[in-house]
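Worksheet for the structure shown next.
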Amino acid sequence: MGETIRFLLDGEVHEVRGANPTTTLLEHLRGPMRRTGTKEGCAEGDCGSCTVLVGEPDGEGPAGRVAWRAVNSCIQFLPMLHGKALMTVESLAKGGALHPVQQAMVDKHGSQCGFCTPGIVMSLYGRAIAAKGAAAPVGEVLAGNLCRCTGYGPIIEVAKGVAAEPAPAVDLSPLHDETMLDLSFEDPIHGVTRRWLAPRTVDELAQVYEAHPDATIVAGATDVGLWVTKQRRPLPILISVSEVAELKALEETAEALRIGAGVRYVDAVEAISKLYPDLGAMMRRLGSTQVRNSGTIGGNIANGSPIGDMPPALIAAGATLVLRKGSERREMPLEDFFLDYGKQDRRPGEFVEAVIAPKLDASRIFKVFKLSKRFDQDISAVCGAFSLAVKDGVVADVRIAFGGMAGTPKRAKACEAALVGQPWTEATVEAGMAGLDIDYKPMSDMRASAAYRSLTARNMLRKVFLESQDPDAETRIVPESAHG
Amino acid sequence: MADSAATVVETTPFQGVHAPLPHDSAVRHVAGSAIYIDDIPEPVGLLHVHLGMSARAHARITKLDLSAVRAAPGVVLVLTAADIPGENDVSPVIHDDKLFADGEVYCVGQSLFAVAATSIAAARAAAGLAVVAYEDLPAAVDIAAARDMDLKIETSQRMARGDAQAALAAAPRRVQGQFAIGGQDHFYLEGQVALATPGEDGDVHIWSSTQHPSEVQHLVARVLDRPHTAVTVEIRRMGGGFGGKETQASLFAAAAALVAVKTGRPAKCRPDRDEDMVMTGKRHDFEAAYDVGFDDDGRLTGLSLELASRCGATTDLSLAINDRAMFHADNTYYLPAVEIISHRFKTHTVSNTAFRGFGGPQGMLAIERVMDAVAAATGLDPLEVRRRNLYGGEGRNLTPYHQTVEDNVAPQLIDELAASCAYDARRREIEAFNRASPVLKKGIALTPVKFGISFTTTHLNQAGALIHLYADGSIMLNHGGTEMGQGLHVKVAQIVAQAFQVDMARIKVTSTVTDKVPNTSATAASSGADLNGMAALNAAETIKARLVAFAAKKWGVEPHEVAFTPDGVRVGGETFEFGWFARQAYLARISLSATGFYATPKIHYDRATHTGRPFFYFAYGAACSEVLIDTLTGEMKVTRADILHDVGKSLNPAIDLGQIEGGFIQGMGWLTTEELVYDGEGRLRTHAPSTYKIPTCGDRPAHLDVRLWKAGRNVEATVHRSKAVGEPPLMLAISVYSAINHAVASVGDYKVLPRLDAPATPEAILMACEDVKARTHV
């Protein structure tokens, strides 16, 4: 059992013993390490001022190559860095000379107050050294970096001029360790013992979780991180699933895509885009690059949030959830997992192992809509997903699900009933819209009123119809971030 | 070259004022080596201060039991109102902001007590153990409730010229309307923070992220019951301010200072993002109601405008902010007979405060809404209505506050911009597009900006500077202005470099600190470069005069034969290297240190009658925005914006362009995605970036063309004939709101004025579309 967190920073192995496992990477950087270039703007993974790059072995590239991901260090727990490499803004300038990204930011007047600047530099540098080169759209790369001063113009100009470059070669072998990280910390403030357990295999995970059914499972910590930094929950035992190789598998068969619970958005978006192009497009607006580089689809399902963006689309697609407890596995339609607000069909010691997303018939209509105050990196007010088979002008089969309309992600049964077997016409759409009013009694909150939610849910169905009648009709605003 | 004069040859061309130099901290920003207050190495024994907050909007505190807090692990000190040696007040003007609540709370988030502990986690955990009981009192958490309860922070104000009611009664045509204007959180990326270090005799030094170090100094001294000399306040840079650190820093600085003085240990008070957003004031939300008379050509004949604002629980700067709303309710338009009534409502919510524009944006949005209303009523192009009502021509230059507009360039700016962005042709194309597009609709609008420059509280228009010329020729520059990202320090350094004709590398701008330049005004009202630049120039001129006299005497030439040049100091026929020359002056026992001072001339204002000349001059701009909306979801995208802005003769065109573009995007956020939501109990529900949405990179229009007006030159004798640039560009974003209005109106074939409140969120836009459909039976 490993009791020491070890990571690589600028060629040196750093060891941390006796750390509180819910210490964030940002706290560790700014405190004991005195790397204060990385800033805290929000401590919830929304502003990007704390962006750093984390490197881990690149599964695809040549052996020994490291893939770097931009992440929000404010919601990464320090133990998550175990076995990985780290770069901060201080890593870039070599021998007193600024990195070209930094120099361009100076030359183009890309900083004003300068507080968000280190995070922006890291996002742009992360793009430059990404395996795919500097191909990612600038708006997508920077959606998670808020700047309040510049209006972004000079930064975009810098981004467009940054050339791809090889990622720095890093030798992770000194960190090689097959044992399970098992940290324990006496918290004097809350009077509890905190533990961090990071099993390496799914069997080990199943065992550990059965032994500690009250533990909190954490993957990318894009949600659990906030339980600590915002809600200040004690979380005595945390079980990390990020080191479980089996959970990171993405397996494609003739019928379906099996997405391991530990698969991050960033690693799934390409495969999902092939299955469901509309969902792929929406995923690029889900969170930010930093969030998608950490967060997992499994986590988005397992946390049971009524406003998670993956469940509605996966429910509409007819996805199956795989649960695991001990050596036992069971499967269920995804929609059955969500019982009520804050309540899922998950027994003590049982965890989400995978979600199986079926491939759809090419003729099927599959549409996803996400509505939020801001296009990028915003939580949905309403998220709607529609899967329809129209044969000979008649709705042969339909699955519709919404997020943000009820206490859970939920299917629109009355709407579906109004559509199925009916001619795919304006009149049927009107009937389906009336069904939605039966299906959902949404609430009003800071994101939208109940009236707005109800009206837009109806209008989404209208859009599905309009788009099916004329695929070339301009029915949606394409967010700027989707462009180069 | 200790004793021999050297003639040097400069290889790089001289760069002083008007050069597009980078921000003085740019290299440090990108390297992560720029030090913000929370980056300063923490002193040994540091205590972390957390403020316990009120959970109620308005209540009597019936119990405040902090025994468990005191006993919690790591806690060193707990402070309440009873522990304040001096006055329990951190307010800027009228002594009504408590450091700690005393018996009663007036808003959610109000500071109740402070916990100082060995870590912030310990302090926060301890604060959670407080036992507080309240007895609720009647609370007004919004404008409507305050109106019902008749709660105001001062008597409603009236500014008028001519007989508006008579003009309205006689008007050929007349429309009335009203709309709401949302507030805005500053969302500076660096939150509020203060680090206090105790000195001897109960003195204290405070690093405070503040736009107003002098005020923090004065308030902390009053809290500690000590003279101003006991408190030193310092700030090198803020990670953004935008008005949010003009008065709001005092609370955190005072809490940290009090802990430091009481314990003899250094103390830091840094609220996290949520605490910051809950505890600090924002831009005032407004309601505006208009009654406007006009003729068939869209020319206004009379206007009665009623403004109402949510000031929050205390006065803060709300009097001046609401005054500035009135001052800008004319914008660029001559109003023949006008009355502007301003209600300043007291609510049991956090006290609203300064925010870039300082009330001006709300007043300006109101008159621009009136222009759109007149256009809708007459069927005229809104730009044509705007043009017909501009200031200019015989008898058409007097503002509602009786200041004559003497520098009006709005007509030229509008004409140039309308031509360069092809407004007329695009408007026709857009209306054609809208006829053919059932779901998506476009809109376009061109709106002008005229913004008054000067603090309207006249005595604040003063500034000081301190320059040391060291014997090696390096120059230390200090002035009363603070750097929050706006590039003030580089601009002032450029002014000094220009004066001495030296390379910028010779000049070091040091942190703003109250023991170098005393009694300063806030860096606010866009005045930073105008005031401090002139003060620094005066200081430089004082030293130059001494050097000229010295050189004339030493080398036996006439004073006019001494000149500061990029190659060095020319004395008669010889040119001396600047550093060598400075050393000779030192050896000759010449004082090489000087203060400079500046007070803005010409201005005066009588608040009792709301007349006078509050502004030294006006800054102008114009913007044309184009938007695309989705009439089924209300989603909106700004697809294009063209901006032409007058900064006079720019001190630094790169910095000024950054201010304009940044201000525009920030204004766009105010009017589109940034929505502050309070619940019925007065709790802010949008207190972090997860729920409060400022623009991201993708919200910037794909086409954004920003230009400085080439003909710009301040007619007043400002520093190098420049104009202030901090606030005015924010209001260029009114063009976005007006363009959205145009797009929504297309749903009803432009027959009615959409009912559209700001911010125009997707929900506001969709509901406005629905309303237009209902009213026009589409």
Counted residues, the stretch B:662-678 - those being assigned to a loop (DSSP other than H, G, I, E, B) and in contact (Cβ under 8 Å) with a residue 24 or more places away in the chain: 5
In the stretch B:671-687, what residues are within 26 Å of B:Ala146 (Cβ to Cβ) and more than 8 Å from every other protein chain (Cβ to nearest Cβ)? B:Leu671, B:Glu674, B:Leu676, B:Tyr678, B:Asp679, B:Gly680, B:Glu681, B:Gly682, B:Arg683, B:Leu684, B:His687
Select from the stretch B:19-40 the residues that are outside any helix (DSSP H, G or I), facing chain A (nearest Cβ under 7 Å) and either within 26 Å of B:Cys269 (Cα to Cα) or of a type in the set (Gly, Ala, Ser) (or both) and list them in ascending order. B:Ser25, B:Gly32, B:Ser33, B:Ala34, B:Tyr36
Considering B:Ser625, B:Ser650, which residue is of a type in the set (Gly, Ala, Ser), more than 23 Å from B:Leu446 (Cα to Cα), buried (at least 24 other Cβ atoms within 10 Å of the Cβ) and touching a residue at least 40 places away in the same chain (Cβ under 8 Å)? B:Ser650
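Can you work out which of the residues in the stretch A:26-43 that are of a type in the set (Gly, Ala, Ser) and under 27 Å from the mean Cα position of the chain (by Cα) is nearest to the other protein chains (Cβ to nearest Cβ)? Walk me through it before giving the result.
Filtering the stretch A:26-43 for residues of a type in the set (Gly, Ala, Ser) gives A:31, A:37, A:41, A:43.
Then drop every residue that is not under 27 Å from the mean Cα position of the chain (by Cα), which leaves A:37, A:41, A:43.
Numbers: A:Gly37: 2, A:Gly41: 5, A:Ala43: 6 Å.
Residue satisfying both the conditions and the ranking: A:Gly37.
Could you please let me know if A:Ala482 is among the small types (Gly, Ala, Ser), within 11 Å of chain B (Cβ to nearest Cβ), surrounded by fewer than 16 Cβ atoms within 10 Å (Cβ to Cβ) and in contact (Cβ under 8 Å) with a residue 24 or more places away in the chain? Please lay out each step first, then the result.
On the way: among the small types (Gly, Ala, Ser): yes; within 11 Å of chain B (Cβ to nearest Cβ): yes; surrounded by fewer than 16 Cβ atoms within 10 Å (Cβ to Cβ): yes; in contact (Cβ under 8 Å) with a residue 24 or more places away in the chain: yes.
It is true that A:Ala482 is among the small types (Gly, Ala, Ser), within 11 Å of chain B (Cβ to nearest Cβ), surrounded by fewer than 16 Cβ atoms within 10 Å (Cβ to Cβ) and in contact (Cβ under 8 Å) with a residue 24 or more places away in the chain.
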I'm checking my understanding of the structure. Among residues of the stretch B:661-670 that are over 13 Å from the mean Cα position of the chain (by Cα) and more than 7 Å from chain A (Cβ to nearest Cβ), which one is surrounded by the fewest Cβ atoms within 10 Å (Cβ to Cβ)? B:Gly669
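Could you run through the stretch A:142-157 and say how many residues are in a helix (DSSP H, G or I) and either surrounded by 24 or more Cβ atoms within 10 Å (Cβ to Cβ) or more than 10 Å from chain B (Cβ to nearest Cβ) (or both)? Even if it seems obvious, please write down each step before you answer.
Kept after step one, since they are in a helix (DSSP H, G or I), are these residues of the stretch A:142-157: A:142, A:153-157.
Right, trim to either surrounded by 24 or more Cβ atoms within 10 Å (Cβ to Cβ) or more than 10 Å from chain B (Cβ to nearest Cβ) (or both) and you get A:142, A:155, A:157.
Residues flagged as in a helix (DSSP H, G or I) and either surrounded by 24 or more Cβ atoms within 10 Å (Cβ to Cβ) or more than 10 Å from chain B (Cβ to nearest Cβ) (or both) within the stretch A:142-157 amount to 3.
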Are there any strands (runs of 3 or more DSSP E) wholly within the stretch A:178-284 with 2 or more residues that are closer than 27 Å to A:Ile356 by Cα and within 14 Å of another protein chain (Cβ to nearest Cβ), and if so which? none
Residues of the stretch A:146-179 classified as in contact (Cβ under 8 Å) with a residue 60 or more places away in the chain and in contact with a Cys (Cβ under 6 Å, 6 or more places away or on another chain), total: 1
Filter the stretch B:588-600 down to the residues that are more than 12 Å from B:Leu469 (Cβ to Cβ) and touching a residue at least 24 places away in the same chain (Cβ under 8 Å), then identify the one that is surrounded by the most Cβ atoms within 10 Å (Cβ to Cβ). B:Gly596
Give the stretch A:299-315 a look and list any residue that's open to solvent by less than 10 Å² (accessible area, probe 1.4 Å), out of contact with any Phe, Trp or Tyr (no Cβ under 6 Å at 6 or more places or on another chain) and assigned to a helix (DSSP H, G or I), or say none. A:Ile301, A:Met310, A:Pro311, A:Ala313, A:Leu314, A:Ile315
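Quick one: which of A:Arg285, A:Arg195 is in contact (Cβ under 8 Å) with a residue 12 or more places away in the chain and more than 22 Å from the chain's Cα centre (by Cα)?
From the options A:Arg285, A:Arg195, the qualifying one is A:Arg195.
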From the option list B:Ala768, B:Ala745, single residue qualifying as away from chain A (no Cβ under 13 Å), open to solvent by less than 20 Å² (accessible area, probe 1.4 Å), assigned to a helix (DSSP H, G or I) and closer than 16 Å to B:Ile629 by Cβ is B:Ala745
Condition met for B:Ala308 (crowded, with 24+ Cβ neighbours inside 10 Å, modelled with pLDDT of 95 or more and either within 17 Å of B:Pro400 (Cα to Cα) or of a type in the set (A, V, I, L, M) (or both)): yes
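Can we say A:Val382 is touching a Gly at 6+ places or on another chain (Cβ under 7 Å) and more than 14 Å from chain B (Cβ to nearest Cβ)? Spell out how you get there, then give the answer.
Numbers: touching a Gly at 6+ places or on another chain (Cβ under 7 Å): yes; more than 14 Å from chain B (Cβ to nearest Cβ): no.
Answer is no for this residue.
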One residue is enough: does the stretch A:205-228 have a residue meeting the conditions at positive phi, open to solvent by less than 30 Å² (accessible area, probe 1.4 Å), modelled with pLDDT of 95 or more and not hydroxyl-bearing (Ser, Thr, Tyr)? yes
I'd like the residue in the stretch A:126-138 that is open to solvent by 10 Å² or more (accessible area, probe 1.4 Å) and either facing chain B (nearest Cβ under 9 Å) or out of contact with any strand residue (DSSP E or B) (no Cβ under 7 Å at 6 or more places or on another chain) (or both) and, out of all such residues, is modelled with the highest pLDDT. A:Arg127
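So which of B:Thr520, B:Thr482 ends up being at negative phi, within 14 Å of another protein chain (Cβ to nearest Cβ), among the β-branched types (Val, Ile, Thr) and outside any helix (DSSP H, G or I)?
Values: B:Thr520 fails: within 14 Å of another protein chain (Cβ to nearest Cβ).
Within the list B:Thr520, B:Thr482, the selection yields B:Thr482.
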Residues being touching a Ser or Thr at 6+ places or on another chain (Cβ under 6 Å) and within 11 Å of chain A (Cβ to nearest Cβ): count how many of those fall in the stretch B:41-65. 0
Filter the stretch B:334-390 down to residues that are open to solvent by 10 Å² or more (accessible area, probe 1.4 Å), without any contact (Cβ under 8 Å) to a residue 60 or more places away in the chain and in a helix (DSSP H, G or I), then give me how many there are. 1
Going through the stretch B:496-516 one residue at a time, which ones are over 21 Å from B:Ser25 (Cα atoms) and under 22 Å from the mean Cα position of the chain (by Cα)? B:Thr514
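Please note which helices (runs of 4 or more DSSP H) are completely contained in the stretch B:95-201 and include at least 2 residues that are open to solvent by 10 Å² or more (accessible area, probe 1.4 Å) and more than 30 Å from B:Leu77 (Cβ to Cβ).
Numbers: elements: B:120-127, B:143-149, B:164-170.
Per the criteria, B:143-149, B:164-170.
From B:Val569, B:Val557, grab the single residue that is buried (at least 17 other Cβ atoms within 10 Å of the Cβ) and either of a type in the set (S, T, N, Q) or farther than 24 Å from B:Val17 by Cβ (or both). Break it down into steps so the answer makes sense when it comes.
Values: B:Val569 fails: either of a type in the set (S, T, N, Q) or farther than 24 Å from B:Val17 by Cβ (or both).
Being buried (at least 17 other Cβ atoms within 10 Å of the Cβ) and either of a type in the set (S, T, N, Q) or farther than 24 Å from B:Val17 by Cβ (or both) holds for just one of B:Val569, B:Val557, which is B:Val557.
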Being open to solvent by 10 Å² or more (accessible area, probe 1.4 Å) and either more than 9 Å from chain B (Cβ to nearest Cβ) or under 30 Å from A:Ile239 (Cβ atoms) (or both) is the filter here, so list the residues in the stretch A:77-103 that pass it. A:Met80, A:His82, A:Gly83, A:Lys84, A:Met87, A:Lys94, A:Gly95, A:Gly96, A:Ala97, A:Pro100
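How many residues are of a type in the set (Ser, Thr, Tyr) and closer than 16 Å to B:Thr301 by Cα when one looks only at the stretch B:346-399? If you could, list the steps in order and put the result at the bottom.
As a first pass, look at the stretch B:346-399 and keep what is of a type in the set (Ser, Thr, Tyr): B:347, B:349, B:351, B:353, B:378, B:391, B:399.
So of that shortlist, the ones also closer than 16 Å to B:Thr301 by Cα come out as B:378, B:391, B:399.
So the count comes out to 3.
The values are calculated or read from the model by the stated rules, or taken from the named source; none is laboratory data. The shown structure was predicted, so the numbers you read here are calculated from the model rather than taken from an experiment. Reconstructed Cβ throughout: ideal geometry from the backbone, glycine too, with neighbour counts over all protein chains shown. What goes into the accessible areas is simple: the full protein's heavy atoms, side chains included, and nothing from ligands, DNA or RNA. Shrake-Rupley method; radii C 1.70, N 1.55, O 1.52, S 1.80 Å.
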